[in-house]
1. Count the DSSP beta bridges whose two residues both fall in chain A, then state the antiparallel fraction as a percent rounded to the nearest 5.
2. Build a GNM of chain B with springs between Cα atoms under 10 Å: which of B:137, B:76, B:58 gets the top mean-square fluctuation?
3. GNM, chain B, Cα, under 10 Å: largest mean-square fluctuation among B:206, B:75, B:156?
4. Defining a contact as two alpha carbons under 8 Å apart and six or more residues distant in sequence, what relative contact order in percent does segment A:566-640 show?
5. Let me check against my output: what whole-number percent is the relative contact order of chain B, with C-alpha pairs under 8 Å and at least 6 apart?
6. Using a 10 angstrom cutoff on alpha carbons, build the Gaussian network for chain B and name the most mobile of B:81, B:51, B:134.
7. Give the order of A:676, A:191, A:622 when sorted by the count of other beta carbons within 10 angstrom, beginning with the fewest.
8. Run lengths n ≥ 4 of DSSP H only: what is the helix-derived mean residue ellipticity at 222 nm for chain B, with -39500 (n - 2.57) per run over all residues, to the nearest 500?
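Bear in mind these aren't lab numbers, they're just calculated from the coordinates by the rules spelled out. In this text the structure is predicted, and so the values were computed from the model without any measurement. Here the Cβ positions follow ideal geometry from the backbone for every residue, glycine too, while neighbour counts run over all protein chains shown.
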């Protein structure tokens, strides 16, 4: 078709605009097909080429992340990353966001976020054994934010508890940035025997595709395009509510069991979950990965209601569905397993070969041998989305943003009150989640710097190994300097995992940013990815998967850049519970790591005193790695040796809230106070420089000399005992008051009487 | 040793593997049995584990009582076979009429997952026979509907006859008289909201579930012996 004709055609044909496709994207589709697309084809391109599915604005940056290591079995690009943890066992992990749906309908938005991530894990052949949910909402003082928090937490609990996967960690950030655009990130980890690993790939012409699970309805149509790939204008939430899916954890539970049974019985050639972009995505991705074609009989798809169009069936995001590719000879056995688990199973497609040019076609047919509603190269949907190198620009006021002068000149009349007001116990959240199922939980949320699980699960040989995991984000650090902030976030997460005695193995990221059409947002993303790459390289932690969530904006305001990371680590032998947050009477308090008297970028400066400018200290990654290794080794010995060396009684990494909050949490956890007298001033008390760990020990001299032998700074700063938290002449608080402020913060804000 | 304890699995059960591991760890043997089974031949005891039996969108356990296996559970119980319902299993036993009372939404209207202290109130049951009354145990709870209720007459009956076997030291759900677990008149059917199987090792926080489960296993063994002697199969 001549170019002028295409231009004319695009300006005449406005079908693509309501679907969220740009003129130039429509042009590419016409060029790929060599003709005008049908309505079904156009709808499929619009969802597959959405920002959410195609990563079209972020892909050129994501390539800079290190992804390789010997133990990485599956890296980014599949449904989940997979890591070899030895003895024939692997773990699969992934993190996702469900931000926009959770703003519109917090319960279902958060619930279906859980459902979606679980499918990403068991589609790899892994049994999901752990979820973590980093949440970001507006301040507790804001009524709508409280409503959102309540709905989100109920949604996560409602789905996770019932589907039978424990929620073992997460984090909560309260900030104005999220008032009109909360973030709900969800991480899932599963375990599998290495030989059950399966990929989302179709192969073998003549093989059949079976749709498992729920019937297809009109829920979630256009979820990835009109919902996830656009910002919110004022008060637009309500009208988008029909784009939010509705979850059914009982269906998902049976789907998990049925799929794992099918995989154990080797009845499946490939399998893929149906998530964003529904059947269009599952069919085109599996065909594209396998280099084959596929004929979909759209009439065969079981529906919840009559009168659904082919477009609706192909793009519906109805939850709790999987697409399994099987050989014709396996049909009866597959249907039998599904019958037992009361799972609907219907053959909806056939794998086809390639054409004379080696291209596999995805065809949508109206009944067997019926009209061809769509016929497109499968790869063009899955892989040929436009790639944008969007313009980037640093904020014009960057120099002012970075200047820490104001923050470091701050003084406060009452540092005790400042510290007490910064304490928040997230127990209100995790008490509503089953965080114990499978009896793997050694450190539940709040007990240590990272969650620690036994590496075990149904169908996995018992061992003495443990898996540590920590999800971290600190948007305040990233708002001023996304590169430095992200470096520190990764460093913090690795240190948290090391503090349980584990060695960090892998990282997944969820990059929550504003509108990519804003050059400053693209600059933030690019800087953040650079910071992550630097930290991951230096700490030898491969990135095995990720998710980018753009368009987190409302009323024209972008959220603060919020890169969330989850780091997992392995510990080989756990004989005793390793030391965690807390200490014993008579211990000495040792501060390991670099001293810092920089209050810039801290929560104290930002939330309590309104100073957002200034940045935290740059992490020295060489020293940080040595610190991670030293702390991990000390804690590991306590857990593994027959007779614990008693060098470490308790420990806590220093991050959000600084040394002050870390000391307070040690006091609260153990019910014993402390007196610290080696702190220079309030800036050191609230500095959030990350390469620091508080250690409680009976043998400070040995600990300090061992640390120094590794090139680390270490000094004794105080002693444990009494019923007060005393820091030089800065802080003097009764433990009882500290505990009350900590425990009651969220309960009080929600008007609920604490039950403890 | 034979696998003589049946762990009933409904489609939405989720604690069955944990119960199996906990039972195995104390040297006994259990096998997971699908809820469609009609008989429990060869089994001398039953555990109904926690979870959401049939999704529990309706009242918890309301559908499970109609599962084919429940008739076999009732028959075994009638012979005196030990039957233990944990959490959702407790809810199923009350719905099935094997234990009195019912479990309502938690008083705080929120799901509660935490480790609590319970006190053994009576050792006249298969679960508590070997644990002295007054013993305090740290056990996890994990439920949205654990608020035990029954009518006044039933309450006075179960209280006076030692059928209340466990009480919360710090009631997490508003249940009547702080009741955490009860038994039937003959002590062979026990239901409790806390999860003894989640407390099998100090590494995971508590080993206080072990004496309870061991007591149950011994009750099952005693029943099995007595069955052989009496000649029932």
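1. Counting DSSP beta bridges with both partners in chain A, the antiparallel share is about 80 percent.
2. Top of the fluctuation ranking is B:58.
3. B:156
4. Relative contact order, segment A:566-640: 52 percent.
5. Relative contact order of chain B: 20 percent.
6. Highest fluctuation of the listed residues: B:134.
7. Going from sparsest to densest Cβ surroundings: A:622, A:676, A:191.
8. On the way: 5 runs with 59 residues, N = 233.
Helix-only estimate at 222 nm: -8000 deg cm²/dmol.
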